[in-house]
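Have a look at the structure below, then the notes.
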Amino acid sequence: MQSIFQTILFQPIFNLLVFIYNFIPDIGIVIVILTIVIKIILYPLNSATIRAQKAMTDLQPKVDEIKKKHADNKQLANMEVLKMYQENKINPFGSCLPLLIQLPILIALYWVLQAGLTTDVSGVAKSLESLYSFVRSPGSINTVTLGLFDLSQKGNYALSLLAGAAQFWQFKMMTRKHPPKEAGAAGKDEDMAAMMNKQMLYLMPAMTVFIGVSLPAGLALYWLVSTVLTALQQLVVFKRTPAPEHPST
């Protein structure tokens, strides 16, 4: 399994990183370009995930209303919820499958950045032996970008804080601020859900900052760029995707 992962995901992405580095010998710029390339490849899957998440969020007030209306019959409530999803052409698992497909790619990208930013005592990147024959080895990778940041070092608070801010922006776009009028009386039961959403709104960015500080700065840079691109993609998808209808129950 590990060799398959190495052959199908790790090596192609790592070779792409080194290939770009041979033309643009600044690892920070290379990480930005590599992140953009990965995002372009995953654009259809990301869009499907965002549309599904938005649809589920838009319909949540009606879900709460149905559950309250049939509080004494959970089976009927579930059937009504599924019927509403079908009427709005929403797959409840639509936001999960694309994420599961992307997960191995994200893990591979994490290890690629770790490998590219980690050197031995001679300053040679540890995984340069994984290069294809047609990709020239740079011998070593300079982990300092723009003469400012050493992306192999941990504790870069600037990049970590920016990554956390981007995470806050992205997550806030997906969070409903208050129950819409269509929710009716069920909106009164959303206080707990709203409180949990608010906690996640601040908890996730805080975790991003903490994790970013604990990892090499190159990974924080990747997370920053990736999150900004995801947020921009959300704006595009939101603009193109109409809110689902709210059929009467």
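The values are calculated or read from the model by the stated rules, or taken from the named source; none is laboratory data. What you see is a predicted model; the values in this text were computed from it and never measured. We place every Cβ from the backbone using ideal geometry, glycine too, and count neighbours over all the protein chains shown. The protein model used for the area step is the full one, side chains on, heavy atoms only, and it has no ligands, DNA or RNA in it. Shrake-Rupley method; radii C 1.70, N 1.55, O 1.52, S 1.80 Å.
At-a-glance table
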read-out	value
Matching residues in the stretch 1-24 - criterion: being open to solvent by less than 50 Å² (accessible area, probe 1.4 Å) and in contact with a Ser or Thr (Cβ under 8 Å, 6 or more places away or on another chain)	Phe10, Gln11, Phe14, Asn15, Val18
Meets criteria (of a type in the set (A, V, I, L, M, F, W, C) and either in a loop (DSSP other than H, G, I, E, B) or modelled with pLDDT under 85 (or both)) for Ala163	no
Which numbered condition Pro138 fails, given (1) at pLDDT below 80; (2) surrounded by 15 or more Cβ atoms within 10 Å (Cβ to Cβ); (3) not aromatic (Phe, Trp, Tyr)	(1)
Residues (surrounded by 14 or more Cβ atoms within 10 Å (Cβ to Cβ) and part of a helix (DSSP H, G or I)) located in the stretch 25-36	Ile27, Gly28, Ile29, Val30, Ile31, Val32, Ile33, Leu34, Thr35
Every pair of residues 6+ apart whose Cβ atoms lie under 8 Å, when the first sits in the stretch 56-75 and is without any contact (Cβ under 8 Å) to a residue 40 or more places away in the chain while the second is open to solvent by 30 Å² or more (accessible area, probe 1.4 Å) and not in a helix (DSSP H, G or I)	Met56/Pro92
Test for Pro244: is it outside any helix (DSSP H, G or I), touching an Asp or Glu at 6+ places or on another chain (Cβ under 6 Å) and modelled with pLDDT of 55 or more	yes
Residues satisfying the stated conditions in the stretch 151-160, i.e. at pLDDT 90 or above and surrounded by fewer than 19 Cβ atoms within 10 Å (Cβ to Cβ)	Tyr157, Ala158
Exclusive hit being assigned to a helix (DSSP H, G or I), crowded, with 16+ Cβ neighbours inside 10 Å and of a type outside the set (A, V, I, L, M), set Pro61, Pro44	Pro61
In the stretch 195-225, the residues that are touching a residue at least 60 places away in the same chain (Cβ under 8 Å), open to solvent by 10 Å² or more (accessible area, probe 1.4 Å) and part of a helix (DSSP H, G or I)	Ser214, Leu219, Leu221, Tyr222, Trp223, Leu224, Val225
The stretch 88-100, subset at pLDDT 70 or above and surrounded by 12 or more Cβ atoms within 10 Å (Cβ to Cβ), residue farthest from Thr7 (Cα to Cα)	Asn88
Where Ile24 falls short, out of the listed (1) over 19 Å from Val225 (Cβ atoms); (2) modelled with pLDDT of 90 or more	(1)
